[in-house]
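As structure tokens, the structure follows; a few thoughts come after it.
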Amino acid sequence: MSTLEFVGFTAAVLLLYYLVPRRAQSAVLLAANVFYCLSAGLLCLLSVIGVTTAAFCSSVKIERAAAKEHATPQERAVTKEHATPQERAVTKERATPQERKKSRRTLVFGLVFTLSSLVLVKLFSLLESASVLFRESEGGTLGLAFYSLSASGYLIDLYRGKIRREKSFLKLFIFVGFFPCIRLGPISRYSQLSPQLNKPHAPVWENIVSGAIRMLWGYFKKLVVADTALVAVRAIVAEPQKYGGGYIFFLIILYSVAIYADFTGGIDIALGASRMLDISLAENFDRPFSSESVREYWKRWHITLGAYFTDYVFYPLSISRPMRAISKRLRKSKYKKIGKKMPVYIALVFTWFLTGAWHGLSPNFILWGLSNAAVIIAAQELSPLSARFHQKHPTVNNNAVWRLFCVVRTFLIIGAIRIFDLWGNALTTPRAIASIFFDARGWKDLFGGGFLSLGLSLPEWIALAVGVALIFAVSKLDFKKDGKMRNIVTRRPLLTMLVIVALVSATAIFGSYGVGFDESSFIYSQF
Amino acid sequence: MRKKRIFSIVFALALLGAILAFFSRLLMPKHVSMVREGALVGEYYIEADEGREHQILFLGDCEAYGCFIPAIIWEASGLTSYVRGSPAARVWQSYYLLLDTLEYEKPDVVVLSVFALCHGDAQSEAYNRLALDGMRLSKNKINAVKASMSEDEILISYIFPLLRYHSRWSELRREDIDYLFAREAVSHNGYLFESGSRAPDTEQSPEELFDYSLPDRAIEYLDKIRLCCEERGIALVLVKSPTQSGHYWWYDEWDARVREYAERYRLDYYNLIGSEEIGIDGGDYADGVHLNFLGAEKTSRYFGKVLKEKYFPSAAPHGEETKRVWKDKLDKYYIERNKFSEGEK
């Protein structure tokens with residue numbers, strides 16, 4: 001769906017959603033999901049149906065196993081009153097070790113079943129270019145990396161006894177394939193999203209206008225900033241031999257801006273569309289570029305993916321029996337010091353390996369993931385040094401210059417690691433980064449006006465800079481959280497409408513779309 | 001609160017409409033100093049809005065707007081005419097331009113340049129734009145767009161051209177401001193002045209083709225043009241302009257097919273290639289392919305007389321107002337012609 005088609009589609013869904021009787025709203029969402037998937041191709045629809053079916057079928061056994069494993073006598077007493085005869089039967093007694101093993105096996109089987117298509121697609125994507133800039137359109141596998149994680153999260157939560165099984169296949173389909181977040185996420189938790197999808201909603205002016213503004217703001221970020229910056233990014237990436245030194249430093253900044261505007265723009269569109277339907281999705285960003293450390297950054301960037309891997313991979317792995325055994329053995333040996341940390345570090349490396357693999361199975365993405373793990377572990381290992389430094393200079397932590405230094409340092413480290421995305425050959429990135437320090441010609445050329453040879457004219461660079469400044473200013477105003485700014489805007493109808501007019505006009509005039517652009521393609525939708 | 005909201009929505013829609021309309025006008029290419037061909041289709045409405053009607057309507061591609069000079073036809077034969085052509089215009093575009101013209105007037109004769117009959121697909125998005133952007137928004141324009149669009153084009157960008165030309169904001173020129181609200185016509189009733197002088201390469205032989213049939217789609221729209229003219233009692237004349245050069249070769253096989261079609265439906269078909277009465281020579285070509293004004297003048301004088309004899313042997317004399325208007329047109333044409341001639345000296 002192109003930008004205009006998606007806007008028109010959302011408007012049509014919105015109209016129907018509030019016009020039909022409240023009990024039929026779920027049917028509208030169901031139809032919207034089917035239509036949206038079909039617009040990306042029959043394969044996309046079949047894929048969503050396949051993942052939902054896998055999750056639905058697995059959930060029956062997992063629920064039964066979970067009920068046995070997790071129910072305490074007290075819980076059983078509470079739930080007994082409301083439980084069905086079948087549930088009563090399975091919660092009769094606490095699970096034995098064999099049953100626990102069996103229930104875990106059921107979960108693993110369910111997860112394999114649910115995630116198999118994602119793994120297959122990742123394997124097939126090895127045949128394509130590993131650069132995010134030169135991949136074919138995501139086509140039939142649109143959003144698979146997002147909704148299959150939502151579905152698997154549902155199974156794990158069910159296994160952990162946090163939620164009850166969804167007994168309606170169609171309701172589960174509405175959750176898995178909820179159209180605003182199918183392409184880019186956020187990765188939704190069943191406990192948070194499903195109750196909202198199944199309850200009736202009345203049209204509320206504030207929701208509709210704030211959702212519309214958020215959607216338009218997303219399009220502004222995507223079309224005016226991200227897609228414009230990507231023109232220059234592509235020019236540099238296409239000729240790594242020609243553009244070295246300063247160009248690579250510039251690329252780090254430019255690609256950070258592009259991917260931030262692209263991804264947050266896409267998420268704003270999803271959250272805005274949902275908000276108009278009176279459905280709140282989880283926030284996926286919390287001003288990540290204000291982070292003072294890499295670890296903090298990853299808590300603020302793609303929050304739902306980070307939370308998924310933390311909750312479902314990192315924590316379970318770090319406290320798993322093998323990890324505890326390793327820790328125990330090390331603590332008894334001469335490596336006592338490292339014994340405590342080892343399970344965490346192994347879990348961290350594995351989690352980042354998986355995160356890299358989620359982006360793509362090619363070496364550049366794996367290296368990207370492992371580089372992040374290495375930086376986080378290095379920071380952890382150097383923390384005593386840092387602590388000593390701050391003990392000596394206790395005021396430095398509150399010093400604005402020091403904090404700015406930390407923010408810039410984090411931005412550059414993350415940016416440098418991120419350009420692994422850009423070249424299919426994983427060795428090109430380290431070479432390019434090294435050229436920052438050794439290629440004086442590139443610096444000279446860049447400051448001699450070379451940036452004008454990157455496909456953007458001076459007015460376009462200026463517009464890009466203004467767009468970036470606007471994004472920075474708005475993120476400072478913290479419009480997302482139900483703060484003052486949003487209330488000021490949405491409670492004044494004229495001001496609301498002026499903001500909408502300004503966003504539509506600016507995007508229509510300065511946006512990069514039309515002939516030669518594929519404005520419907522997002523960088524993250526290729527992962 | 002409800003009233004406030006409704007007022008805000010109405011106000012916002014009006015403001016948005018005004019902003020987008022202004023920027024659309026500002027950012028659309030003006031076709032005054034560069035790619036002037038893009039102005040041709042839209043300039044017709046200057047005539048139409050003044051209520052001027054024409055006895056002859058020429059339709060086609062560069063062979064129409066580069067070969068027939070309405071001012072010279074008037075001078076030589078006393079016939080009023082207009083050329084609705086655009087670069088690489090396809091037959092379906094000519095068909096919808098005919099329907100569009102019929103909304104404003106009913107000519108006695110429609111002359112269709114047949115070279116476009118050898119094409120079954122649009123040349124490119126850019127050429128579609130030259131032919132269609134100038135059309136006023138109407139059912140005919142929408143149908144013309146639908147018939148012309150390639151896969152990667154979208155209809156809405158023809159209705160709201162800002163969606164197509166928005167990226168010009170960074171390359172605005174002085175003329176975009178100067179001609180924002182008003183502009184002079186660049187053509188002479190659809191004829192675009194060509195002044196160069198380069199003879200065609202006579203060494204270059206035509207390329208051999210795999211298939212010499214005319215595309216079904218082109219014939220389908222030729223049928224539509226014919227039926228449209230028949231229904232309204234308009235005479236349809238087919239013409240091949242006198243140009244002939246390597247890449248723009250009019251093959252004998254094509255000629256035979258058009259001749260056969262004309263005979264079947266009792267239409268007049270004039271192939272002017274090599275016509276001794278016109279006397280086109282190397283000096284009459286602008287760029288080795290298209291005629292310059294000298295060649296166009298020769299063709300117009302000759303063909304105007306042909307049309308006069310055949311279709312207007314006893315036409316009533318024009319009124320004083322028409323004569324005054326056409327005298328002005330002729331003067332304007334000669335002013336441009338003389339400007340060029342002086343420049344050459």
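Pairs under 8 Å by beta carbon, first residue outside the structural domain of A:Met342 (by TED's automatic domain parsing) in segment A:377-401, partner open to solvent by less than 90 Å² (accessible area, probe 1.4 Å) and at pLDDT 90 or above, six or more apart or different chains?
Listed pairs, sorted by first residue: none to list.
When you scan segment B:134-149, do you find a residue that is away from chain A (no Cβ under 14 Å), in a loop (DSSP other than H, G, I, E, B), surrounded by 14 or more Cβ atoms within 10 Å (Cβ to Cβ) and in contact with a Pro (Cβ under 8 Å, 6 or more places away or on another chain), even just one?
Filtering segment B:134-149 for residues away from chain A (no Cβ under 14 Å) gives B:134-148.
Cutting the leftovers down to in a loop (DSSP other than H, G, I, E, B) gives us B:134-138.
Remaining after also requiring surrounded by 14 or more Cβ atoms within 10 Å (Cβ to Cβ): B:134-136.
If we keep only those that are in contact with a Pro (Cβ under 8 Å, 6 or more places away or on another chain) too, we end up with none.
Checked against the condition, which is being away from chain A (no Cβ under 14 Å), in a loop (DSSP other than H, G, I, E, B), surrounded by 14 or more Cβ atoms within 10 Å (Cβ to Cβ) and in contact with a Pro (Cβ under 8 Å, 6 or more places away or on another chain), segment B:134-149 yields no hits at all.
I'd like to check something: does segment B:170-184 contain any residue that is within 14 Å of chain A (Cβ to nearest Cβ) and part of a loop (DSSP other than H, G, I, E, B)?
At the first step, the residues of segment B:170-184 found to be within 14 Å of chain A (Cβ to nearest Cβ) are B:170-173, B:176.
Checking the rest, the ones that are also part of a loop (DSSP other than H, G, I, E, B) come to B:172-173.
So far as segment B:170-184 goes, yes, one or more of its residues are within 14 Å of chain A (Cβ to nearest Cβ) and part of a loop (DSSP other than H, G, I, E, B).
Which of the residues that make up segment A:425-468 are in contact with a helix residue (DSSP H, G or I) (Cβ under 8 Å, 6 or more places away or on another chain), open to solvent by less than 70 Å² (accessible area, probe 1.4 Å) and free of Cβ contacts under 8 Å to residues at least 12 places away in the same chain?
Within segment A:425-468, A:Ser457, A:Pro459, A:Trp461 qualify.
Please go through segment A:422-480 and give me each residue that is aromatic (Phe, Trp, Tyr) and within 30 Å of A:Gly511 (Cβ to Cβ), ordered by number.
Result: A:Trp423, A:Phe447, A:Phe451, A:Trp461, A:Phe472, A:Phe479.
Can you tell me which residue within segment B:48-67, out of those that are open to solvent by less than 40 Å² (accessible area, probe 1.4 Å) and touching an Asp or Glu at 6+ places or on another chain (Cβ under 9 Å), is nearest to the other protein chains (Cβ to nearest Cβ)?
Residues of segment B:48-67 that are open to solvent by less than 40 Å² (accessible area, probe 1.4 Å), as a first pass: B:48, B:54-67.
Those left that are additionally touching an Asp or Glu at 6+ places or on another chain (Cβ under 9 Å): B:48, B:54-57, B:62, B:65-66.
Values: B:Ala48: 30, B:His54: 35, B:Gln55: 40, B:Ile56: 36, B:Leu57: 32, B:Cys62: 23, B:Tyr65: 25, B:Gly66: 27 Å.
Only one residue tops the list, namely B:Cys62.
Assuming A:Leu470 fulfils every condition listed in (1) at pLDDT 85 or above; (2) within 13 Å of another protein chain (Cβ to nearest Cβ) apart from one, which condition is it?
Of (1) at pLDDT 85 or above; (2) within 13 Å of another protein chain (Cβ to nearest Cβ), only one is false for A:Leu470: (2).
Residues checked against (1) of a type in the set (D, E, K, R); (2) within 19 Å of the chain's Cα centre (by Cα); (3) modelled with pLDDT of 90 or more:
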residue	(1), (2), (3)
A:Phe134	no, no, no
A:Glu138	yes, yes, no
A:Ala145	no, yes, no
A:Ala151	no, yes, yes
A:Tyr154	no, yes, yes
A:Ser168	no, no, yes
A:Arg183	yes, yes, no
A:Ile187	no, yes, yes
A:Pro195	no, no, yes
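Being in contact with a helix residue (DSSP H, G or I) (Cβ under 9 Å, 6 or more places away or on another chain), within 21 Å of B:Tyr82 (Cβ to Cβ), at pLDDT 85 or above and open to solvent by 20 Å² or more (accessible area, probe 1.4 Å) is true for just one of B:Leu330, B:Leu238, B:Leu307. Which residue is that?
Details: B:Leu238 fails: open to solvent by 20 Å² or more (accessible area, probe 1.4 Å); B:Leu307 fails: open to solvent by 20 Å² or more (accessible area, probe 1.4 Å).
That would be B:Leu330, the only listed residue that is in contact with a helix residue (DSSP H, G or I) (Cβ under 9 Å, 6 or more places away or on another chain), within 21 Å of B:Tyr82 (Cβ to Cβ), at pLDDT 85 or above and open to solvent by 20 Å² or more (accessible area, probe 1.4 Å).
Answer with yes or no whether A:Tyr247 is within 25 Å of A:Ala307 (Cβ to Cβ) and aromatic (Phe, Trp, Tyr).
Values: within 25 Å of A:Ala307 (Cβ to Cβ): no; aromatic (Phe, Trp, Tyr): yes.
No.
Can you tell me which residues in segment B:130-148 are touching a residue at least 24 places away in the same chain (Cβ under 8 Å) and farther than 18 Å from B:Leu102 by Cα?
Step one: filter segment B:130-148 for residues touching a residue at least 24 places away in the same chain (Cβ under 8 Å), giving B:130-136, B:138, B:140-141, B:143-144, B:147-148.
Answer for segment B:130-148, where residues must be touching a residue at least 24 places away in the same chain (Cβ under 8 Å) and farther than 18 Å from B:Leu102 by Cα: B:Leu130, B:Asp133, B:Ala147, B:Ser148.
Test A:Leu354 against the criterion of being open to solvent by 60 Å² or more (accessible area, probe 1.4 Å), part of a helix (DSSP H, G or I) and either aliphatic (A, V, I, L, M) or more than 27 Å from A:Ser256 (Cα to Cα) (or both), and give yes or no. Full working, then the answer.
Working: open to solvent by 60 Å² or more (accessible area, probe 1.4 Å): no; part of a helix (DSSP H, G or I): yes; either aliphatic (A, V, I, L, M) or more than 27 Å from A:Ser256 (Cα to Cα) (or both): yes.
In short, no.
Take the residues in segment B:141-184 that are in contact with a Phe, Trp or Tyr (Cβ under 9 Å, 6 or more places away or on another chain) and among the basic types (Lys, Arg); name whichever of them is nearest to B:Gly17 (Cα to Cα).
Among those residues, the one meeting the criterion is B:Arg164.
Of the residues that sit in segment A:189-236 and are under 30 Å from A:Ser168 (Cα atoms) and among the basic types (Lys, Arg), which one is least open to solvent (accessible area, probe 1.4 Å)? Please lay out each step first, then the result.
Here is the first cut: in segment A:189-236, the ones under 30 Å from A:Ser168 (Cα atoms) are A:189-204, A:207-208, A:211.
This time we only want the ones that are among the basic types (Lys, Arg), so: A:189, A:199.
Details: A:Arg189: 58, A:Lys199: 109 Å².
This residue is A:Arg189.
Within segment B:9-33, restricting attention to residues that are more than 22 Å from B:Gln93 (Cβ to Cβ) and at pLDDT below 90, which residue is farthest from the other protein chains (Cβ to nearest Cβ)?
B:Val32
Determine which single condition B:Pro200 fails, assuming it passes every other condition in (1) open to solvent by 30 Å² or more (accessible area, probe 1.4 Å); (2) assigned to a loop (DSSP other than H, G, I, E, B); (3) in contact (Cβ under 8 Å) with a residue 40 or more places away in the chain; (4) more than 29 Å from B:Phe312 (Cβ to Cβ).
Status for B:Pro200: all satisfied but (1).
The values are calculated or read from the model by the stated rules, or taken from the named source; none is laboratory data. These figures come from a predicted structure and were not determined experimentally. Virtual Cβ from ideal backbone geometry, glycine too; neighbours counted across all protein chains shown. What goes into the accessible areas is simple: the full protein's heavy atoms, side chains included, and nothing from ligands, DNA or RNA. Shrake-Rupley method; radii C 1.70, N 1.55, O 1.52, S 1.80 Å.
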